[in-house]
Amino acid sequence: MNTGRKFALTGLVLWLSACASAPETRKDSKLTGPEGGPATAVSTAPKTGDAKAPVQPAPVAKSLSGQERDFTSAVEVARRGELTIAETALKALLEKSPKLGPAWTNLGIVQERQGRVPDAERSYRQALALEPDQEAAWDCLVRLSARTGRAASLEAELREALTKQDSVARRTALALNLLLQKKHAAAVAEARRALQVSEQHVPAMQVLAQVYAREGKFELASMVLGNALAIDAQDAATLNALGLVHLGLKERPQALERFRQAIALRPDFAEARNNLGTLLNEGEDYAGARVELEAAVKAAPDFAAAHLNLGNAYRGEGDFPRALAEYERVLQLQPDAKDPYFNLGLLHLDLEPAGMDPLERLQKAAAFLGQYQARGGTDERTAQYLKDAQKGIDRETRRRERERKEGLKKAAEAAAAPAKAPEAAPTPTPTPGPPATRPGASGKVSKDVR
């Protein structure tokens, strides 16, 4: 493997879901924000704003202790990745307590993990019908709408709802919606309006800091997130966001520590796992990266960025089949993506899997790199990698031509040379029997003659 070549990784995505927004191009890492992978537990408490990162189960009334126990149990099952069982448990709970809003939100999250978007949206909206200011349900719905290309229609819906009744939860949801549409000035305005009503509202602080970081104002973003952390030191989303700000400030050790802190608080926090794995990939700790990234895609199966980075970890370890499968998974999740083609090109250029024809492998490398360019890929290394692939193709083609000519030459020489009879050792005259086997037409002695 050519360890000098680096992966194509598409961007510093500032604590936003990789599935929720288009990343900004960055050559050496694909980092994501705290809300990328679907959660397995959410809270109605206003301190959290990450629908895609699990938090503690929502509190329920003391009189519903039995439902609370069932709810917590279902959440734990979902955290273990047993989504079908979790869905069954949540539906059973909702049959008994249909007005339990957090259960509807978690049901939507489980359904979203299973790829059932319409069902998930219905569950989120049912949660909001019961509790119009449930932060987690709004956050999930906003991100789902952004991923499915309906952010503008939800923006209109939120604005209309705010004309009838203002609320911090809806205002923050609108701010996040605008951020996902890259309407930064409008997002800042809405986040500030939310903070005017509730100055310690952490989700609004996180949206505000995201805008600052996207604009390169990392010191300002750090200050806002520091205030958020002072309000809630256990908010994993804030810690993950701070990790990304540290990276913007070129403070890699601090970034690693923040990501690890976020993971310690929420082990199935897909974005923090992805971010830590990305940095470990960059440091060529591929085994460590693999552990983090496998956990990320287990927590969020549709997390394209994590699948891309996991493919890179497998490639770094020399595991061609697994790397190939991860890159192909990214293309299934994001058919219009271009970076997987770049990485597929490098995979075929650098690794030599058993059983694959060398010429076919190099031709595929060139084809994938060509597809990357055709889709608008602009990595400046592409031209050199295409040259490397073409040199390999030319070298392999010449080698095969030499072997073909040498084979023809040897065959001609063998045909022209007189056949040699085998020397017989002096022995007593044998009893007459069948005639001795003759050399074949090629001039080569048969294998059964010594």
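Every test in (1) surrounded by 18 or more Cβ atoms within 10 Å (Cβ to Cβ); (2) closer than 18 Å to Leu308 by Cα; (3) charged (D, E, K, R) is passed by Arg361 save one, and that test is (2).
For Tyr341, state whether it is part of a helix (DSSP H, G or I) and over 28 Å from Arg143 (Cα atoms). In short, no. Taken together, the residues in region 242-282 that are assigned to a loop (DSSP other than H, G, I, E, B), open to solvent by 50 Å² or more (accessible area, probe 1.4 Å) and within 20 Å of Leu310 (Cα to Cα) amount to 1. Residue pairs whose Cβ atoms lie under 6 Å apart, sitting 6 or more positions apart in sequence or on different chains, and linking a residue in region 389-412 that is within 17 Å of Glu360 (Cβ to Cβ) and in contact (Cβ under 8 Å) with a residue 40 or more places away in the chain to a partner that is part of a helix (DSSP H, G or I) and open to solvent by less than 100 Å² (accessible area, probe 1.4 Å), are Ala389/Leu349; Ala389/Leu362; Ala389/Ala365; Ala389/Ala366; Gly392/Leu362.
Among residues of region 102-123 that are in a helix (DSSP H, G or I), those with a Cβ under 8 angstrom from a residue that is of a type in the set (Lys, Arg), sequence gap 6+ or separate chain, pair up as Leu107/Lys91; Gly108/Arg122.
Exactly one residue among Ala152, Ala86, Ala74 is within 22 Å of Pro203 (Cα to Cα), of a type outside the set (D, E, K, R) and in contact (Cβ under 8 Å) with a residue 12 or more places away in the chain, and that residue is Ala152.
Among the residues of region 378-418, how many are outside any helix (DSSP H, G or I), at pLDDT 90 or above and not polar (S, T, N, Q)? Total meeting the criteria: 3. The set of residues in region 173-221 that are open to solvent by 10 Å² or more (accessible area, probe 1.4 Å), under 26 Å from the mean Cα position of the chain (by Cα), without any contact (Cβ under 8 Å) to a residue 40 or more places away in the chain and closer than 16 Å to His246 by Cβ comprises Tyr212, Gly216, Phe218. Hydrophobic (A, V, I, L, M, F, W, C), touching a Phe, Trp or Tyr at 6+ places or on another chain (Cβ under 8 Å) and either open to solvent by less than 20 Å² (accessible area, probe 1.4 Å) or assigned to a helix (DSSP H, G or I) (or both), is that true of Ala313? Yes. For region 382-400, the set of residues classified as acidic (Asp, Glu) and surrounded by fewer than 18 Cβ atoms within 10 Å (Cβ to Cβ) consists of Asp394, Glu396, listed by residue number. Within the option set Ala287, Ala325, Ala367, Ala354, being modelled with pLDDT of 95 or more, under 24 Å from Arg400 (Cα atoms) and surrounded by fewer than 24 Cβ atoms within 10 Å (Cβ to Cβ) holds for one residue only, Ala367.
The values are calculated or read from the model by the stated rules, or taken from the named source; none is laboratory data. It should be emphasised that the depicted structure is a prediction, and the values quoted were computed from it without experimental measurement. Because the Cβ atoms are built from the backbone with ideal geometry, glycine has one as well, and the counts that use them run over all protein chains shown. To get the accessible areas, we keep the full protein, side chains included, count just its heavy atoms, and leave off ligands, DNA and RNA. Shrake-Rupley method; radii C 1.70, N 1.55, O 1.52, S 1.80 Å.
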